[in-house]
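Just below is one structure, and these are the notes that go with it.
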Amino acid sequence: MKILVTFALENEFAPWRKLRNFKRVSVDRWDHSYRSRIEDAYVRIFITGAGHFAAQRAAMIALEEAVEVCVVSGLAGGLRGDHALGNVLVAHNVGATRGGMTHAGHPELVAAAVAAGAKSVERFITADHVIANSNEKRKLGAAGDAVDMESFWILSAAAQRDVPAVAIRAISDTVDSNLPIDFEGISNAQGAVSVPKVIGQLAASPSRLGGLLRLAHDSERAAANLAKVLDWFVRSVTVPPLCNFAHESDKHNNHR
């Protein structure tokens, strides 16, 4: 079983990397990937970078290699009050803040994620910018359960190749929380966090440090929960039938 799992950032993957013997296999500017064998699964991890451009470019590279299952994973912001910090969610479908198209998670992969400990929800929303404050989160909560910046684009790429796919994410900031810094201004060209830019924001506003440390702690906790679910998932999932499910589902959604 060949499984591709994507994360936007290294810190989202870090707890799972510690849990298993993942080996770095690429140091290319656009290809940050790791591999491990976990029982019968050959797992490739691909760090995409954050945002639309980085996710699309990384998916194009990552899916050049044949895989049987694609999992888009990482952290997400909660959009509803019933999704607590650290909850691991699996989405039945993923939409974007612009346009009406959605991509469905393969139902057998959704079921496998639930069996591994994830909570099933109706929809993730992929935004074109960081959703930083609770007011904006609550507005998006009318359309979805959690928000990220990559899931829709990775699932789009998988659907184009008829690869069964699913989105599994953990809540690192709840609907009531505001992000402590301007995350739009701290990414580099590859969609990774720039430490000098973070330091620059903190130097300009030292009072943000406490909030940033809390977010780092909460993110680590969420990523640790996610690692446990993913580890169980890759050990238990089998190759799903109807590999064109996502493709057919997307055609259906285009006519909704």
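List of remarks:
- Residue match in segment 142-156 (condition: under 18 Å from Gly49 (Cα atoms) and either surrounded by fewer than 22 Cβ atoms within 10 Å (Cβ to Cβ) or without any contact (Cβ under 8 Å) to a residue 24 or more places away in the chain (or both)): yes
- Residue check for Phe233: at pLDDT 60 or above, surrounded by 16 or more Cβ atoms within 10 Å (Cβ to Cβ) and aromatic (Phe, Trp, Tyr): yes
- Restricted to segment 69-82, and to residues there that are more than 14 Å from Ala223 (Cα to Cα) and either surrounded by fewer than 21 Cβ atoms within 10 Å (Cβ to Cβ) or among the aliphatic types (A, V, I, L, M) (or both), the residue that is nearest to the chain's Cα centre (by Cα) is Val71.
- Scanning segment 216-223 turns up no residue that is modelled with pLDDT of 75 or more, touching a Ser or Thr at 6+ places or on another chain (Cβ under 6 Å), over 30 Å from Leu109 (Cβ atoms) and not β-branched (Val, Ile, Thr).
- Extreme residue, modelled with the lowest pLDDT, among residues of segment 1-42 that are over 21 Å from Phe152 (Cβ atoms) and acidic (Asp, Glu): Asp28
- On the stretch given as segment 83-110, residues that are of a type outside the set (A, V, I, L, M, F, W, C) and under 15 Å from the mean Cα position of the chain (by Cα) total 7.
- Residues within segment 121-143 that are modelled with pLDDT under 95 and touching a Leu at 6+ places or on another chain (Cβ under 6 Å), tallied: 4
- Positions within segment 1-53 being polar (S, T, N, Q), part of a strand (DSSP E or B) and either surrounded by fewer than 18 Cβ atoms within 10 Å (Cβ to Cβ) or over 16 Å from the mean Cα position of the chain (by Cα) (or both), in sequence order: Ser36
- Of residues in segment 62-108 being assigned to a loop (DSSP other than H, G, I, E, B) and hydrophobic (A, V, I, L, M, F, W, C), the one farthest from Glu122 (Cα to Cα): Ala66
- Scan of segment 167-186 for residues that are in contact with a strand residue (DSSP E or B) (Cβ under 6 Å, 6 or more places away or on another chain) and either modelled with pLDDT of 90 or more or part of a strand (DSSP E or B) (or both), ordered by number: Ala167, Ile168, Arg169, Ala170, Ile171, Ser172, Asp173, Thr174, Val175
- Among the residues listed as Asp40, Asp82, the single one being free of Cβ contacts under 8 Å to residues at least 12 places away in the same chain, out of contact with any Ser or Thr (no Cβ under 8 Å at 6 or more places or on another chain) and on the phi < 0 side of the Ramachandran plot: Asp82
- Complete set of residues in segment 99-118 that are within 25 Å of Ile47 (Cβ to Cβ) and not small (Gly, Ala, Ser): His103, His106, Leu109, Val110
The values are calculated or read from the model by the stated rules, or taken from the named source; none is laboratory data. Given the structure is predicted, the values throughout are model-derived calculations rather than measurements. Cβ atoms come from the backbone with ideal geometry, glycine included; neighbour counts cover every protein chain shown.
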